């Protein structure tokens, strides 16, 4: 019971954080809210996770949840990588413009 209450509190915190950052990253916010809702469902009804795992050919419900968590984590990592890459490209363009502007002022 203590673990369920702790996990519920943590999942509610994830939902709150995801809802506040929804405007910045709508897809990630939506995925986080959906994952947290499913997490709450499976925290309070763990036998349903086992039944769902059996339907998709996975032995235990915990394994299914772990696999889904890994996939969601990889999606979030990819999103973070793409945003970082876009920022680096923007910084490179800005640095080039500044260098060209300074070079033209020196002449």
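The values are calculated or read from the model by the stated rules, or taken from the named source; none is laboratory data. Only a predicted model underlies this, so the values are computations on that prediction, with no experimental measurement involved. Glycine gets a Cβ as well: all are built from the backbone with ideal geometry, and neighbour counts include every protein chain shown.
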Exercise. Residue check: is residue 35 part of a helix (DSSP H, G or I) and over 15 Å from the mean Cα position of the chain (by Cα)?
Worked result: no
For this session: Just give me the residues in the range 48-63 being in contact with a helix residue (DSSP H, G or I) (Cβ under 8 Å, 6 or more places away or on another chain) and over 16 Å from residue 7 (Cβ atoms), in sequence order.
Result: 50, 51, 52, 53, 56, 58, 59, 60, 63
Exercise. Does any residue of the range 86-97 turn out to be surrounded by fewer than 14 Cβ atoms within 10 Å (Cβ to Cβ), free of Cβ contacts under 8 Å to residues at least 24 places away in the same chain and outside any helix (DSSP H, G or I)?
Worked result: no
Exercise. Out of all the residues in the range 72-79, is one or more in contact with a helix residue (DSSP H, G or I) (Cβ under 7 Å, 6 or more places away or on another chain), surrounded by 10 or more Cβ atoms within 10 Å (Cβ to Cβ), in a loop (DSSP other than H, G, I, E, B) and free of Cβ contacts under 8 Å to residues at least 60 places away in the same chain?
Worked result: no
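For residue 100, are the conditions met, namely being assigned to a helix (DSSP H, G or I) and surrounded by 12 or more Cβ atoms within 10 Å (Cβ to Cβ)?
Numbers: assigned to a helix (DSSP H, G or I): yes; surrounded by 12 or more Cβ atoms within 10 Å (Cβ to Cβ): no.
Judged against the criteria, residue 100 is not a match.
Being surrounded by fewer than 10 Cβ atoms within 10 Å (Cβ to Cβ) and modelled with pLDDT under 95 narrows it down to one residue among 83, 107; which is it?
Details: 83 fails: surrounded by fewer than 10 Cβ atoms within 10 Å (Cβ to Cβ).
Going through 83, 107 in turn, just one is surrounded by fewer than 10 Cβ atoms within 10 Å (Cβ to Cβ) and modelled with pLDDT under 95: 107.
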Problem set entry | Residues (assigned to a helix (DSSP H, G or I), over 17 Å from residue 74 (Cβ atoms) and either touching a residue at least 24 places away in the same chain (Cβ under 8 Å) or over 10 Å from the mean Cα position of the chain (by Cα) (or both)) located in the range 15-31 | 15, 16, 17, 19, 20, 26
Seminar exercise, completed: Selection over the range 39-64 where residues are in contact (Cβ under 8 Å) with a residue 24 or more places away in the chain and surrounded by 13 or more Cβ atoms within 10 Å (Cβ to Cβ) yields a count of 3
